[in-house]
Amino acid sequence: MRRVYIVLFVVLSTCKLMMCRLYEQMKEVDPNERVQIGSYRVDGNGHQKLKDVPVSETKFHAENVVENICSEVTENSKGHIPKRLKNMYEHACDDILEEHHDQLVDVLVVKEFNQNERTLADKFCTDTTNFCTAEQLTDLFNLIPPSPSPESDEENEEFEDEPTTNDKVEL
């Protein structure tokens, strides 16, 4: 029974870490950078039906961000993921991505006013995939701090080699 709880915790925390990292990557794009999408066909009047949208709201950009998310989640979460559970997190991320890839891209493309890590995780982890309830996700956000940015990797390298209390938990 304890193993089931550990697996559930790994899946939920992987989903949360994925959403935090995806949110950071989606924010890295210049908001003023725009692209035209739509049909390049010309109608009878010589007009095209094109729409000018921010790059961050395109499926192409979302696909590119999602492409390497699993390796980035495990690499950039040094200190948050115990070494003994790193493989479980990688497999959980791969499974989530395999089963819900299209839904994840759709969630990333739809921009909402005041969207943040929490609302993105709530939309995907609770509403779209039903991995957890909103209360469980709130507990998870209170328990696990936001994932570190890639710039702070140098600071966390020495931390990973030190044993943590999570490493001492017997499975």
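Can you tell me which residue is surrounded by the most Cβ atoms within 10 Å (Cβ to Cβ) among those in segment 69-116 that are without any contact (Cβ under 8 Å) to a residue 60 or more places away in the chain and of a type in the set (Ser, Thr, Tyr)?
Thr74
Of the residues Val29, Val53, only one is surrounded by 15 or more Cβ atoms within 10 Å (Cβ to Cβ), within 30 Å of Asn142 (Cα to Cα), of a type outside the set (D, E, K, R) and touching a residue at least 12 places away in the same chain (Cβ under 8 Å); which? Reasoning before the result, please.
Numbers: Val53 fails: within 30 Å of Asn142 (Cα to Cα).
Unique residue meeting the criteria: Val29.
Within segment 64-97, can you find the residues that are of a type in the set (S, T, N, Q) and assigned to a helix (DSSP H, G or I)?
Asn64, Ser71, Thr74, Asn87
Do you know which of the residues in segment 125-145 that are under 13 Å from Leu17 (Cβ atoms) and in a loop (DSSP other than H, G, I, E, B) is modelled with the lowest pLDDT? Quick ask: steps written out before the conclusion?
Of segment 125-145, the ones under 13 Å from Leu17 (Cβ atoms) are 125, 131, 137, 140-141, 143-145.
Still in the running and in a loop (DSSP other than H, G, I, E, B): 131, 144-145.
Numbers: Phe131: 86, Ile144: 61, Pro145: 56.
The qualifying residue modelled with the lowest pLDDT is Pro145.
Answer with yes or no whether Leu120 is modelled with pLDDT of 85 or more, closer than 17 Å to Leu17 by Cα, assigned to a helix (DSSP H, G or I) and hydrophobic (A, V, I, L, M, F, W, C). Spell out how you get there, then give the answer.
Working: modelled with pLDDT of 85 or more: yes; closer than 17 Å to Leu17 by Cα: yes; assigned to a helix (DSSP H, G or I): yes; hydrophobic (A, V, I, L, M, F, W, C): yes.
When the stated conditions are applied, Leu120 passes them.
Go through segment 1-46 and give me each residue that's modelled with pLDDT of 85 or more, closer than 29 Å to Asn68 by Cβ and part of a loop (DSSP other than H, G, I, E, B).
Glu28, Asp30, Asn32, Glu33
Would you check if there is a residue in segment 70-93 being hydrophobic (A, V, I, L, M, F, W, C) and modelled with pLDDT under 70? Break it down stepwise before answering.
Taking segment 70-93 as the starting set, the residues that turn out to be hydrophobic (A, V, I, L, M, F, W, C) are 70, 73, 81, 85, 88, 92-93.
When the remaining residues are screened for being modelled with pLDDT under 70, the result is none.
Taking every residue of segment 70-93 in turn, none turns out to be hydrophobic (A, V, I, L, M, F, W, C) and modelled with pLDDT under 70.
The values are calculated or read from the model by the stated rules, or taken from the named source; none is laboratory data. As the structure is a computational prediction, the values presented were derived from the model and not from experiment. Positions of Cβ are generated from backbone atoms using ideal geometry, with glycine treated the same way; all protein chains shown enter the neighbour counts.
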